[in-house]
Amino acid sequence: MGTAGGLRTRRYHALLVASRPNPAQRMVGLVSLDPVLNGTTGGQIRLATHEWADGTISPDGHIHLERFDLVNGLPRWRWRVGETVLERELAMRHGRSCVAVVHRLLAGGPVDLSLEALCAWRDQHGEQHGSLSVDGTADGAVLSGAYRLRGPDWVPDGTWMRGVRYRLEAERGYVATEDLLRAGRFRGHLQRPGDSLEVTAWAGDLSSEPPPAHTIIADAHVRNARFDALALAADAFIIDGPNGTDVVAGYPWFGAWSRDTMISYEGLFLETGRFDEGRSLLTGYAATLSEGMLANTADGGMVGYNTADATLWFVHAIDRHVARTGDGSLMQELRPALDKILQAHLEGTRYGIRVDPQDGLLMQGAEGEALTWMDARVRGVPVTPRRGKAVEINALWCNALAVLGHDLHAKAVGSFRRAFAGGPWLRDTLDSAEGEALRPNQLLAYSLPHAPMDPDPSVLHRIGEALLTPLGLRTLAPGNPAYRPRHAGTLAERDYAYHQGTVWSWLIGPYATALRKAGLSTAGLFDGLLAHQGEWGLGSVSETCHGDPPHEATGCPFQAWSVAELLRGNRL
């Protein structure tokens, strides 16, 4: 991960970020390979760009950057210094923590090229201020026994680069500087156009050498060319996790979240034809059920079950898989698990999740918890607790009852219509005055396959008027006193705004589905998000945007459910 301009602005920016068994526990290894040209008319030219603690930009190699392109999803930089043109291309080795980097002379020459390896070995969320061991090999070095660098004519160095600054971390209220080790440099003489200097870095089994860098890049081009743009974006989130096929919720800082996985399921797996992988994921998740619930996440190292909707989204994903593929055997195979889910919700399970026997609707809530997808907390206090009976939770519950063919379905649907309808839009929750707020959660009551409500064009018009932006839907109408126009600042400030007006891209999917079910046009609805693929997380779709125009992107630059719901909605 990095920037088109070459300046590293986040602690997550590096060439090799190695995965651990837990997909959220990633380690930053090879941070950068800084190109240095010798033999040009300008003498020694440094093509890297770094910012330092005092705000200085040095070197300023970006001034020589002629262009940046994504080719089959692979980044390609081109620098020009007089008549000398140097190109960099990089790719990951599919299925392995391995990156290949090729620098190729396109014009001019001869030149001597050095690639200075700036290194770390630390958690992706942290900073490096300690020691790092370097052990030489015949063609490079091994760093802290964790990852290996391979390339030509390695020369050890050992200089510490103190006070490298990351301006976006400063904006987000985090420690913004760290120290990097210039472990050494690779060297090559590029005599004529076409000559190249290749470096490979990998973690894991250091004795198992990957193919040459140019082969890895060529293989990546062939593989990626099979996908269209959105399917290629989706591919980045599907991984082989410790328990089989899994989904990373977002890069760079999320791991696997069951809610995100199941909301993303249709787009990532069904719309891209990855039926076998999807089936494997669903059966794998079924095996993890506890007290009728899927775990929310284990990103923090502890398994948490604090979600009221992930399991209901799981039922929805199974239903969609069977409907799309005709794989009735999957429903039979998972029926015992589904029955346990149903029973647990009827009898009651964690966090006050249980059916109200009076109306058949689902209740949820516990002190200090936020169990819906609007789950932000500040200093342990939920910003939008939404305890009781929430509109999208009960839309999912009615949908699940229909999938499972339970007798309670008709009663729950009748109760839903009486309880949530009757105003200018559906109530968000039933148990507080805040339930009158205009939020997008009600869209699921119209968009789900077995939705409890028929879409009402007048309500959809009001939702669109207040919440729709070119990059998704706001989480709260601007006229509400609690509305926050910008998702920016410190962690606490961002969390206060997270579901109080911030735009979420994934909501475009339910909105588009509801419009189509109502017989309304979706012409032009996706244009903003399709264009957005070229302005933030390149080739992908971001998690969130500011509530007020011009809706600059915020949050995770690469978000699974944003990509999945754009992909699904755009293909409806």
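Is it fair to say residue 81 is assigned by TED's automatic domain parsing to the domain that holds residue 164, within 28 Å of residue 224 (Cβ to Cβ), touching a residue at least 12 places away in the same chain (Cβ under 8 Å) and surrounded by 16 or more Cβ atoms within 10 Å (Cβ to Cβ)? Taking the combined requirement at face value, the residue does not satisfy it.
Condition check ((1) outside the structural domain of residue 320 (by TED's automatic domain parsing); (2) touching a residue at least 40 places away in the same chain (Cβ under 8 Å); (3) on the phi > 0 side of the Ramachandran plot) across all residues:
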| residue | (1), (2), (3) |
| --- | --- |
| 369 | no, yes, no |
| 373 | no, yes, no |
| 380 | no, no, yes |
| 386 | no, yes, yes |
| 392 | no, yes, no |
| 403 | no, yes, no |
| 406 | no, yes, no |
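Take the conditions free of Cβ contacts under 8 Å to residues at least 40 places away in the same chain and polar (S, T, N, Q) and apply them to residue 177. Does it pass? If you could, list the steps in order and put the result at the bottom.
Working: free of Cβ contacts under 8 Å to residues at least 40 places away in the same chain: no; polar (S, T, N, Q): yes.
No: the conditions fail for residue 177.
Across segment 107-132, the number of residues qualifying as among the aromatic types (Phe, Trp, Tyr) and part of a loop (DSSP other than H, G, I, E, B) comes to 0. In segment 257-280, the qualifying residues are those that are in contact (Cβ under 8 Å) with a residue 60 or more places away in the chain and not in a helix (DSSP H, G or I), and the one that is surrounded by the fewest Cβ atoms within 10 Å (Cβ to Cβ) is 271.
All but one of (1) crowded, with 24+ Cβ neighbours inside 10 Å; (2) hydrophobic (A, V, I, L, M, F, W, C); (3) closer than 17 Å to residue 4 by Cα hold for residue 567; which doesn't? Every condition holds for residue 567 apart from (3). Determine whether segment 544-557 contains at least one residue that is assigned by TED's automatic domain parsing to the domain that holds residue 504, in contact with a Phe, Trp or Tyr (Cβ under 9 Å, 6 or more places away or on another chain) and either without any contact (Cβ under 8 Å) to a residue 24 or more places away in the chain or part of a helix (DSSP H, G or I) (or both). Yes: segment 544-557 contains one or more residues that are assigned by TED's automatic domain parsing to the domain that holds residue 504, in contact with a Phe, Trp or Tyr (Cβ under 9 Å, 6 or more places away or on another chain) and either without any contact (Cβ under 8 Å) to a residue 24 or more places away in the chain or part of a helix (DSSP H, G or I) (or both). For segment 207-256, the tally of residues that are over 15 Å from residue 97 (Cβ atoms), among the small types (Gly, Ala, Ser) and either in contact with a Lys or Arg (Cβ under 7 Å, 6 or more places away or on another chain) or in a strand (DSSP E or B) (or both) stands at 2. The set of residues from segment 1-32 being within 23 Å of residue 142 (Cβ to Cβ) and either among the β-branched types (Val, Ile, Thr) or in contact with a Lys or Arg (Cβ under 6 Å, 6 or more places away or on another chain) (or both) comprises 17, 19, 28, 31.
Taking the numbered list (1) among the small types (Gly, Ala, Ser); (2) modelled with pLDDT of 95 or more; (3) crowded, with 17+ Cβ neighbours inside 10 Å; (4) in a helix (DSSP H, G or I) in turn, residue 458 passes all entries but (3). If I filter segment 476-489 for residues that are within 23 Å of residue 260 (Cβ to Cβ), among the hydrophobic types (A, V, I, L, M, F, W, C), assigned to a helix (DSSP H, G or I) and over 17 Å from the mean Cα position of the chain (by Cα), do I get at least one hit? The answer is no; no qualifying residue exists. For segment 357-380, a tally of residues being over 20 Å from residue 495 (Cα atoms) and part of a strand (DSSP E or B) returns 3. Residues in segment 34-58 that are surrounded by fewer than 17 Cβ atoms within 10 Å (Cβ to Cβ) and at pLDDT 95 or above: 52, 53, 54, 55, 56, 57, 58.
Consider segment 418-430. How many of its residues are under 12 Å from residue 393 (Cβ atoms) and not in a helix (DSSP H, G or I)? Write out each step before concluding.
Residues of segment 418-430 that are under 12 Å from residue 393 (Cβ atoms), as a first pass: 420, 428-430.
Within this subset, residues satisfying the condition of being not in a helix (DSSP H, G or I) are 428-430.
Qualifying residue count, segment 418-430: 3.
Residue count for segment 33-75, restricted to those that are within 26 Å of residue 218 (Cα to Cα), among the aliphatic types (A, V, I, L, M) and either in a loop (DSSP other than H, G, I, E, B) or in contact with a Phe, Trp or Tyr (Cβ under 7 Å, 6 or more places away or on another chain) (or both): 3. Do any residues in segment 114-130 that are under 14 Å from residue 175 (Cα atoms) and in the same structural domain as residue 175 (by TED's automatic domain parsing) have Cβ atoms under 8 Å from those of residues that are aromatic (Phe, Trp, Tyr) and at pLDDT 95 or above, where the two are at least six apart or on different chains, and which pairs are they? Cβ pairs passing all conditions: 124/12; 128/121.
Restricting attention to segment 235-289, which residues are within 25 Å of residue 332 (Cβ to Cβ), touching a Ser or Thr at 6+ places or on another chain (Cβ under 7 Å) and modelled with pLDDT under 95? Residue satisfying the conditions is 244 alone. Here residue 103 meets each of (1) in contact with a Lys or Arg (Cβ under 6 Å, 6 or more places away or on another chain); (2) surrounded by fewer than 22 Cβ atoms within 10 Å (Cβ to Cβ) with one exception, condition (2). Condition first: under 21 Å from the mean Cα position of the chain (by Cα) and in a strand (DSSP E or B). Now tell me which residues in segment 1-30 satisfy that. Of everything in segment 1-30, those that are under 21 Å from the mean Cα position of the chain (by Cα) and in a strand (DSSP E or B) turn out to be 17, 18, 19, 26, 27, 28, 29. You will find that of 96, 88, the residue that is surrounded by 15 or more Cβ atoms within 10 Å (Cβ to Cβ) and without any contact (Cβ under 8 Å) to a residue 60 or more places away in the chain is 88 and no other.
May I ask you to verify whether residue 516 is under 22 Å from residue 559 (Cα atoms) and either outside the structural domain of residue 172 (by TED's automatic domain parsing) or in contact (Cβ under 8 Å) with a residue 24 or more places away in the chain (or both)? Considered against the rule, which asks whether it is under 22 Å from residue 559 (Cα atoms) and either outside the structural domain of residue 172 (by TED's automatic domain parsing) or in contact (Cβ under 8 Å) with a residue 24 or more places away in the chain (or both), residue 516 comes out as no.
Restricting attention to segment 133-162, the residues that are on the phi < 0 side of the Ramachandran plot and in a strand (DSSP E or B) total 18.
Can you pull out every residue in segment 66-78 that is surrounded by 14 or more Cβ atoms within 10 Å (Cβ to Cβ) and within 14 Å of residue 106 (Cβ to Cβ)?
From segment 66-78, those surrounded by 14 or more Cβ atoms within 10 Å (Cβ to Cβ) are 68, 70, 72-78; that's our starting set.
76, 77, 78, listed by residue number.
The values are calculated or read from the model by the stated rules, or taken from the named source; none is laboratory data. All figures in this text were calculated on a predicted structure; none of them were measured in a lab. We place every Cβ from the backbone using ideal geometry, glycine too, and count neighbours over all the protein chains shown.
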